[in-house]
Amino acid sequence: MATDKIRIGLADDEELFRKGIAFILEREADFEVVFEAENGQKLLDTLATMDDLPDVVLTDLKMPMVNGIEATKAVLKKYPAIKVIALTSYNTRGFIANMVDIGAAAFLVKNSTPKTVKHTVREVVKRGFYYNYQVMQIIQDELQGAPSRSLNVAEELTAREKEVLQLICDQFTTHEIADKLFISPRTVEGHRNNLLQKTESKNVAGLVLFAIRHNLVILDKGLY
């Protein structure tokens, strides 16, 4: 039985680059590029017309009309189930921290290899987000201690919820967490939903930010 394809939207004002990414992704049996947009406004307009939304949107950060940062905010506010992967030529700490802070599920520089791009898309769909060690370290350095919800929220988390949170930040899947903790996947999902509710995070990426800001997890370079 054929599996459902990962539906992907692309937004980039550089047509040659956009077409190249589309060509690379379309060659994969499990990928389907469902639209291309030349700027952030076109991205938002296209999504507004779609009945079957993409699973993932890859968006450049610097685009005319509506840039990728503002487009990402708008997409995640209206379509929180969509995973946004930020694409940019500017591999700077500020760009990375800003995009992660607003909810980007992953971050790719434009000189990434095709293998890295494809791997990142699959990992984002599988895990809800995908940050390499460099990105996780930047989050820790730039965002730790930044204004967030009260520390009382962190103190209200149960020991099991903190265990699940650590494993989420270590980028294990639901089934992998279940195996490690000897509990059912459904129980893991229950803990994750409780974490989302308690921390008022919109998605798994938001949980990672909460955990790092409140010093609740330890980053292990060997896992990334």
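Summary of computed values
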{"read-out": "Residue in the stretch 34-45 that is more than 24 Å from VAL100 (Cα to Cα), in contact with a strand residue (DSSP E or B) (Cβ under 9 Å, 6 or more places away or on another chain), open to solvent by 50 Å² or more (accessible area, probe 1.4 Å) and not β-branched (Val, Ile, Thr) present", "value": "no"}
{"read-out": "Unique match (being at pLDDT below 85, in a helix (DSSP H, G or I) and farther than 30 Å from ILE8 by Cα) among ASP141, ASP179", "value": "ASP141"}
{"read-out": "The stretch 191-218: number of residues that are surrounded by fewer than 16 Cβ atoms within 10 Å (Cβ to Cβ) and either modelled with pLDDT of 95 or more or under 20 Å from the mean Cα position of the chain (by Cα) (or both)", "value": "6"}
{"read-out": "Looking only at the stretch 73-97, and only at residues there that are modelled with pLDDT under 85 and under 20 Å from ARG18 (Cα atoms), the one that is least open to solvent (accessible area, probe 1.4 Å)", "value": "THR88"}
{"read-out": "Output for the stretch 1-11, where each listed residue is under 18 Å from LYS73 (Cβ atoms) and in a loop (DSSP other than H, G, I, E, B)", "value": "none"}
{"read-out": "Residue list for the stretch 56-72, filter: free of Cβ contacts under 8 Å to residues at least 60 places away in the same chain, open to solvent by less than 20 Å² (accessible area, probe 1.4 Å) and part of a helix (DSSP H, G or I)", "value": "GLY68, THR72"}
{"read-out": "When residues of the stretch 163-179 are limited to those that are among the charged types (D, E, K, R) and open to solvent by 80 Å² or more (accessible area, probe 1.4 Å), the one nearest to the chain's Cα centre (by Cα)", "value": "GLU163"}
{"read-out": "The stretch 73-97, residues that are out of contact with any strand residue (DSSP E or B) (no Cβ under 9 Å at 6 or more places or on another chain) and in a helix (DSSP H, G or I)", "value": "LYS73, ALA74, LYS77, LYS78, ARG93, GLY94, ALA97"}
{"read-out": "First in the stretch 110-126 and under 18 Å from LEU53 (Cβ atoms) and open to solvent by less than 70 Å² (accessible area, probe 1.4 Å), second anywhere and not hydrophobic (A, V, I, L, M, F, W, C) and not in a helix (DSSP H, G or I), Cβ under 6 Å, 6 or more apart", "value": "VAL124/LYS83; VAL124/TYR130; VAL125/ASP55"}
{"read-out": "Residue ID - modelled with the highest pLDDT, chosen from residues in the stretch 98-111 that are out of contact with any strand residue (DSSP E or B) (no Cβ under 8 Å at 6 or more places or on another chain) and within 22 Å of VAL204 (Cβ to Cβ)", "value": "ILE102"}
{"read-out": "Criterion (open to solvent by 30 Å² or more (accessible area, probe 1.4 Å), touching a helix residue (DSSP H, G or I) at 6+ places or on another chain (Cβ under 9 Å) and either closer than 27 Å to GLN134 by Cβ or of a type outside the set (Lys, Arg) (or both)) met by exactly one of LEU25, LEU16, LEU53", "value": "LEU53"}
{"read-out": "Selection within the stretch 1-10 - of a type in the set (A, V, I, L, M) and either surrounded by fewer than 18 Cβ atoms within 10 Å (Cβ to Cβ) or modelled with pLDDT under 95 (or both)", "value": "MET1, ALA2"}
{"read-out": "Search result, residues across the stretch 24-55 that are farther than 16 Å from VAL75 by Cβ and in contact (Cβ under 8 Å) with a residue 60 or more places away in the chain", "value": "ILE24, LEU25, GLU28, ASP30, PHE31"}
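The values are calculated or read from the model by the stated rules, or taken from the named source; none is laboratory data. Worth saying up front: this structure is predicted, and the values here are computed from it rather than measured. FYI the Cβ positions are ideal-geometry reconstructions off the backbone, even for glycines, and counts take in every protein chain you see. We work out accessible area using only protein heavy atoms, side chains counted, and drop any ligands, DNA or RNA first. Shrake-Rupley method; radii C 1.70, N 1.55, O 1.52, S 1.80 Å.
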